[in-house]
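Read through the structure below, which is laid out as structure tokens, and then see the notes.
Read the figures in this text as sums done on the coordinates, not as results from a lab. Computed from a prediction, not measured in an experiment: that's the story for all the values here. Quick reminder, even Gly has a Cβ in these numbers, built from the backbone with ideal geometry, and neighbours come from all protein chains shown.
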Amino acid sequence: MRHKQAPKREIEGDLIYKNKQIAKFINYLMVDGKKTVAQNVLYAAFDLIKKKEMDPIAIFERALESVGPKQEVKAKRVGGANYQIPVEVRPERRASLAMRWIADAARARSNKDYKVFEEKLAAELLDASAEQGEAIKKRDAVLRMAQANRAFSHFKW
């Protein structure tokens, strides 16, 4: 790296729960800089989870924990060939990947089954906390790729 690394910025907690992970997830949900829309969507999804008599914070944290991958592959060039090398995932990256995958899976859900995005998001959070859904399939695919390339793990990153 040619320049010094930019300092890590601390973000404040969200408005209602004062939770930093929820604030970060709101930023992942945000489209075109419309943060209040993203906040309203997430809080509406949490209300839907509350209506099922479950704790939305516990569901959210369990979903992030279960979706976050333990290993992933990184490409490394060795002697003219590219190898996919399995590496451990740092905790910050694990959380950010989990948030991204949950948001993408919620967006990709079919419009036939749900009326609004809040319902899609609530369903995906509930599925992810129960080890189901598209985000879990994405995690499993990444882990399978890492397992398949264990033979190249001696090329340390």
Isotropic mean projected area of the C-alpha convex hull, the range 70-109 (nm²)
3.7 nm²
Per residue of the range 128-140, in order, report the coupling 6.51 cos²θ - 1.76 cosθ + 1.60 (Karplus, θ = phi - 60°) as ³J(HN,Hα) in whole Hz, putting x for Gly and Pro.
5, 6, 9, 6, 9, x, 5, 5, 5, 4, 5, 4, 5
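When the Kirkwood radius is taken over all Cα pairs of the range 85-157, what Stokes-Einstein diffusion coefficient follows at 37 °C and 0.692 mPa s, in µm²/s? Don't jump to the answer; show the numbers that get you there.
Numbers: Rh = 13.7 Å.
Rounded, D is 240 µm²/s.
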Near Ala23, within a Cβ-to-Cβ distance under 13 Å, what is the net charge of the other residues, with Lys and Arg +1 and Asp and Glu -1?
+2
GNM top mover of Gly80, Gly68, Gly13 - the chain, alpha-carbon springs below 10 Å:
Gly80
Where Rh is the Kirkwood radius over Cα pairs, Rg/Rh for the chain
1.04
Per the Debye formula with a single identical scatterer at each Cα and no solvent contribution, what log10 I(q)/I(0) holds for the range 21-76 at q = 0.12, 0.16, 0.28 Å⁻¹?
-0.38, -0.60, -1.11
With the contact rule set at Cα under 8 Å and sequence spacing of 6 or more, what percent relative contact order holds for the chain?
25 percent
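Exposed loop trypsin sites (Lys or Arg not before Pro) only (DSSP loop, at most 10 other Cβ atoms within 10 Å): please give the longest stretch of the chain free of them, not including the sites. Don't skip to the end; give the middle numbers.
On the way: sites that count: Arg2, Lys4, Lys8, Arg9, Lys18, Lys52, Lys112, Lys115, Lys156.
After excluding every exposed loop site, the longest remaining stretch is 53-111.
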